[in-house]
Amino acid sequence: MVLSSLGSMLENPAFGWMNHVLNLSYNDLPHDLKTCILYLVTFPEDSIIRKDHLLRRWIAEGFVMEIPYQDLKDIAQGYLTELINRSIVQDIPCIRKFELVRVMDLEASFSRNISCDLTGICRLFLLRYLRIRGNSFKLPDQIRTLKHLKTLELNDNLLDVPSDVFKLQSLSHLIVPGNAELADGMGNMRALRTLCALDFPGCPMDRLRALAKLTNLRDLQLSYQVHRGGQDPDVAERKEALVISLVNLGCNLRSFAFSRYSWRMPADVLSHWEPAPRSLERLHLLMCSFSAVPAWIASLDSLTRLGLRVHVLQRGGLEILGKLTIPCRSSVFCPYSSWTKDRHRCWGANSSCATFFMQIGRSAM
């Protein structure tokens with residue numbers, strides 16, 4: 001019906017706008033999209049069309065070509081996204097129209113061949129919070145215009161971080177995948193309080209050293225992802241650079257962790273973290289193994305949560321843990337330990353640990 005009536009419709013002056021669109025865009029469209037755009041002439045100009053209704057109608061008319069292992073609705077959504085990106089159809093609401101928005105939280109997942117263009121966020125000059133989760137978004141290459149942005153959080157599917165993210169002087173919380181590509185300049189972000197953005201073996205050495213300049217940092221999370229080529233030949237130098245930076249962060253650091261994605265990490269990366277910040281409240285190192293309980297653990301006067309993995313837990317290690325002076329919820333994973341008969345006496349009588357969880361590996365049973 002659409003194809004047979006197209007000629008008469010275009011002769012009608014009321015459809016002059018359609019003539020204009022076709023002259024500019026129609027000839028460059030793939031065949032499937034040509035059929036879908038022709039279907040839109042059945043709607044009045046500037047009318048608002050509900051997306052779900054339109055996609056279902058395209059599918060019912062047979063305009064959406066099947067692709068193995070893909071849902072028809074996802075394919076239809078890809079058609080619509082392509083028309084929006086070509087400015088043939090306007091997405092309502094359009095991001096750029098929300099010039100006064102301060103908080104934006106986006107989440108969506110479609111097929112891999114579908115991408116929603118978010119370049120318009122560069123014009124949201126008052127934006128303070130941006131959280132994006134899903135695999136269907138395309139971020140702008142640069143976001144330095146977002147001078148008031150305080151929080152940027154991207155999930156693990158978004159690795160293309162805007163190249164100028166470190167030029168956002170007001171940014172306080174940066175949470176992006178550890179293996180994301182980041183440009184230089186991290187040391188200039190003096191307002192940063194939360195950083196979950198670095199892969200220990202993957203990031204450049206100067207970036208580990210730049211951590212020392214983030215003196216307002218409160219929450220730091222690193223990952224350890226083994227890259228192609230096996231072990232990191234610079235691991236000793238990286239360990240030293242990381243420890244120096246952690247020491248220089250001083251008394252402001254409240255939380256430090258290696259993420260749950262860390263694996264095959266060399267032992268004792270942080271054995272010589274001295275002096276450790278006495279202000280530390282949360283320490284999660286279950287993915288970072290130690291030959292024995294490090295002595296600096298006993299100096300953490302403010303610690304309330306501890307996750308630790310040690311190869312061998314003997315009397316000295318228990319005594320160190322027993323010196324924790326405030327209620328601390330502790331999880332200690334010890335896969336190779338053999339317990340002594342006096343293990344309970346080793347646990348400090350004055351210890352205030354509220355919960356102590358010990359897991360023994362098969363080799364110790």
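Bear in mind these aren't lab numbers, they're just calculated from the coordinates by the rules spelled out. On a predicted model such as this, the values are computed, not experimentally measured, just so you know. Note that each Cβ is placed from the backbone with ideal geometry, even for glycine, and that neighbours are counted across all protein chains shown.
Label the range 183-222 by shape, choosing from rounded, prolate and oblate, from the square roots a ≥ b ≥ c of the eigenvalues of the Cα gyration tensor; if a/c is under 1.5 it is rounded, and otherwise prolate applies when a/b is larger than b/c, oblate when it is not.
oblate
From the phi angles alone, apply the Karplus equation (6.51, -1.76, 1.60; θ = phi - 60°) to the range 170-182 and give each ³J(HN,Hα) in whole Hz, x where the residue is Gly or Pro.
Those phi angles translate into 8, 5, 9, 9, 10, 10, 9, x, x, 9, 6, 7, 10 Hz.
Report ³J(HN,Hα) in whole Hz for each residue of the range 248-259, in order, from the Karplus equation J = 6.51 cos²θ - 1.76 cosθ + 1.60 where θ = phi - 60°; Gly and Pro get x.
Coupling constants for the range 248-259: 6, 5, x, 8, 7, 5, 10, 9, 9, 7, 9, 5 Hz.
According to the square roots a ≥ b ≥ c of the eigenvalues of the Cα gyration tensor, what is the shape class of the range 124-233, taking rounded for a/c under 1.5, prolate for a/b larger than b/c otherwise, and oblate for the remainder?
Oblate is the answer for the range 124-233, as a/c is 1.5 or above yet b/c matches or exceeds a/b.
Among Lys213/Lys239; Lys97/Lys167; Lys51/Lys138, which pairs are too far apart, with a Cα-Cα distance over 23 Å?
Lys97/Lys167
Between Gln90 and Ser299, with labels modelled 7 Å along Cα→Cβ, what's the label distance in nm to one decimal, could you check?
6.3
For Thr42 and Asp71, compute 0.36 nm times the residue count separating them, minus their Cα-Cα distance, and round to one decimal in nm. Before the final figure, lay out each step's value.
Working: separation 29, 0.36 × 29 = 10.44 nm, distance 2.58 nm.
So the chain would gain 7.9 nm between Thr42 and Asp71.
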